[in-house]
Amino acid sequence: MLAGTFITRAAGFVYPFLAWHLSDRGLAGTWLTVVLALFGAGWLAGQVVGGASADRFGRRATLTGSMLLAAVVFPVLAQAHTLPALAAAAFVSGIVYDAARPVVSAVIADTVEDEPTRARIAGWRYFAVNIGVAITGALGGTLAESVGLPVLFWCNGLVCAGFGVVAWLVMPAETLQTRTARHGYRSVLADPRLVLLWLASLCGFIPMSALYAVLPQMMAQDHLPAAAYGWAQVTAAIAVLVLSPLFNPWLARRAQSKHPMVGPLGASCLILGLGMGSAGLVSTPAGYAAAVVASVPGEIIATVAAADIVNRIAPAHARGRYAGIWGTSLAASVLAAPLLAGWALEAGGHHLVGLTLAGCGLIGAGLCLPLTALARRHAAALRCAS
C-alpha cells in the first residue's frame, strides 16, 4: 500500500499541472476555475463511492477498478481540446485520482490494532506521498516544456494501470467480511464527531490545497514560469523529508493517549492557515517557497491527527465509509480552494487570498473545541457502559 501510494504520487502529474494544461488549451479566468472545481467535485464523489465500495465489494476490487479507470481517463484528459471534453475528463479524473485513499486507510485499520503503530504508518504514508510529490514537481517542472504535459498525463495513467494490476495479484480478495456490510451512509453521517471532524479538516485542508489550486494562479500573475511552481513543490517535499522524522515519533507517543488527537488537529489548522496565508504577502519564487515550507508542519500533524481520530471513532464494519467521508474533506477543499481563490483574486488580489486562507485555518481550529468535548463525552459513555 505504501509503495503504491508513493509510485502513484511520484507520477501523479494530472492534478498538480492541471491548471497549466488547461491554460495551454486556451482556458483562462472563470472557465479555468470551473474546470478545476469540476475536478474537485469528482474527487469528492470518488471518496464517497470508493469508501462504500471498499466496504461492500472489497478492498482489492475497489483499488484495482479505480486504477484501471484512471489508466483510461488520464490519457483522454491529455488529448482533449474542447471545453466540454476537458470538463468531463477533469470530473472523471478527479473521481479516480485519489480513489486509493479510503482503501488504504481501511486496510491499515483492518490489519493494525494499536493506535501508536497506526499513527507511525500514517506519518510514513504522508512522507511517501510528499516524496512522490517532490519527484512529480521536479520531473514535471523539468519535462513539461520539452515533452509536453500530455505525455506526462499518459505516464500517470500507465503507472496507475501497473499499480492496479499488482494490487489485484498480491492483495487478498477481502480483508474483512465486507460483503456483509449493507448499512448506508445515513448512520455514518449521524455521528456528530465525524461531521465536526469533516468541517475542521475542510477548513485546514483548504490552505493545504492552495499549493495546487491557488499558488499556480498567483505565481502566473507574478509572471513566474511553471518551473518555479514545480520547484516550490520540491522545496515543500524537502521540508517534509527533514521534518517528518522529527514529528512522527512525537505523534506516535501522542497516539498512546486515551483521547483522540483533536488538539494537534486544531494546532495544525492554525499552522496551515497562517503558513499558506503568508503567500499573499510575497511575489518571488523564494517567497512562495518559504510560505509553502511554513505550512509543512501543519500538513504533517493534520494528516496523522485526523487519521487517528477516524480510526478511533469508526466501527469495524464501516471503516471504508468513515475513511471515505473524511477523505471528501480533502476533496471538498480541492473544490473550494480554486473557487475561493478566483473570488479573492478578483475582489482583493493576493492580500485577500492570504486573509482568506488564514481565516480558514482559524475556523478549523475553533471547530476542534466542540469536537474535543464530544469525543471525550463518547469515551466516558463507553467506559461507563463497560
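Quick notes
Here is a yes/no grid of residues against (1) in contact (Cβ under 8 Å) with a residue 40 or more places away in the chain; (2) part of a helix (DSSP H, G or I):
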position	(1), (2)
MET219	yes, yes
LEU224	yes, no
GLY230	yes, yes
TRP250	no, yes
SER257	no, no
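- Of the helices (runs of 4 or more DSSP H) lying entirely inside region 1-66, the ones with 2 or more residues being in contact (Cβ under 8 Å) with a residue 24 or more places away in the chain and over 27 Å from ILE121 (Cβ atoms) are found at 18-24, 29-56.
- Some residue of region 197-210 being small (Gly, Ala, Ser), assigned to a helix (DSSP H, G or I), over 30 Å from SER23 (Cβ atoms) and modelled with pLDDT under 85: no
- The residues in region 199-238 that are farther than 22 Å from GLY137 by Cβ and surrounded by fewer than 21 Cβ atoms within 10 Å (Cβ to Cβ) can be counted, and the count is 1.
- Residue check, VAL353 at pLDDT 85 or above, crowded, with 22+ Cβ neighbours inside 10 Å, over 13 Å from GLY204 (Cβ atoms) and hydrophobic (A, V, I, L, M, F, W, C): yes
- The number of residues in region 277-313 being part of a helix (DSSP H, G or I) and either of a type in the set (S, T, N, Q) or closer than 30 Å to VAL188 by Cβ (or both) comes to 18.
- Here GLU113 passes the criteria (1) without any contact (Cβ under 8 Å) to a residue 60 or more places away in the chain; (2) assigned to a helix (DSSP H, G or I) except the one numbered (2).
- Candidates ALA347, ALA316, ALA305: the one that is on the phi < 0 side of the Ramachandran plot and in contact with a helix residue (DSSP H, G or I) (Cβ under 6 Å, 6 or more places away or on another chain) is ALA305.
- ALA375 vs. criteria crowded, with 19+ Cβ neighbours inside 10 Å and either in contact with a Pro (Cβ under 8 Å, 6 or more places away or on another chain) or in a helix (DSSP H, G or I) (or both): yes
The values are calculated or read from the model by the stated rules, or taken from the named source; none is laboratory data. From a predicted model like this one, the values you see are computed outputs, not experimental measurements. No Cβ is skipped: glycine too gets one built from the backbone with ideal geometry, and neighbour counts run over all protein chains shown.
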